[in-house]
Amino acid sequence: MLENTYIKEYLQKTHCYKCGASLQGAKLETIMEAPIAFVAHAVCSKCKAESMVTITTTGGGAAPLISDLNVTEFKKFIGAKSVSYDELLDLHKMLSK
């Protein structure tokens, strides 16, 4: 698990996609934690823009991801199985009838 000081350090260097403010004071809700990565839903303390932030120990830093999903939806879908091309084509055929 990543330490809080490490997470805060990288959030300080990461900027809101909307207003450009540092995400250091952003409200975070953890989506997933692993020994080498931390994924959280972040709300900018200045403009309240929402994004997903991934912080890794490999030096990649924090990468904000713009999405219209809220934190509950992210938690619901993060472990979901991917849809295959065949399943998508079957759905298309069914809807075409």
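The values are calculated or read from the model by the stated rules, or taken from the named source; none is laboratory data. A quick note: this is a predicted structure, and the numbers were derived from the prediction, not measured. Don't worry about glycine lacking a Cβ; one is built from the backbone with ideal geometry, like all the others, and counts go over all protein chains shown. To get the accessible areas, we keep the full protein, side chains included, count just its heavy atoms, and leave off ligands, DNA and RNA. Shrake-Rupley method; radii C 1.70, N 1.55, O 1.52, S 1.80 Å.
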With a 1.4 Å probe and all protein chains left in place, how much of the accessible area of the chain comes from carbon and sulfur atoms, in whole percent? 57 percent
Separation of the Glu73 and Tyr6 label points, Cα + 7 Å toward Cβ, nm: 3.1 nm
Here the FRET efficiency for Ile66 versus Lys97, based on Cβ atoms and R0 = 30 Å and rounded to 0.05, is 0.25
222 nm [θ] for the chain, helices only, -39500 (n - 2.57) per DSSP H run of 4+, per residue, to 500? -8500 deg cm²/dmol
Considering the dipole of the chain built from charges on the beta carbon (Lys and Arg +1, Asp and Glu -1) around the Cα centre, which of Met32, Thr58, Tyr17 is farthest to its positive end? Tyr17
Taking every eigenvalue of the Cα gyration tensor of the chain, multiplying by 5 and rooting it, what semi-axes result, largest first, whole Å? 32, 17, 11
On average, how much accessible surface per residue is there in the chain, in Å², for a 1.4 Å probe, leaving out ligands, DNA and RNA? 71 Å²
Work out the FRET efficiency for Ile36 and Tyr85 from their Cβ-Cβ distance, taking R0 = 30 Å, and round it to the nearest 0.05. 0.45
Are there cysteines in the chain with no other Cys C-beta under 4.7 Å, and if so, which? none
Yeah, region 1-58 with a ≥ b ≥ c from its alpha-carbon gyration tensor (a/c under 1.5 is rounded, else prolate when a/b outruns b/c, oblate otherwise) is prolate
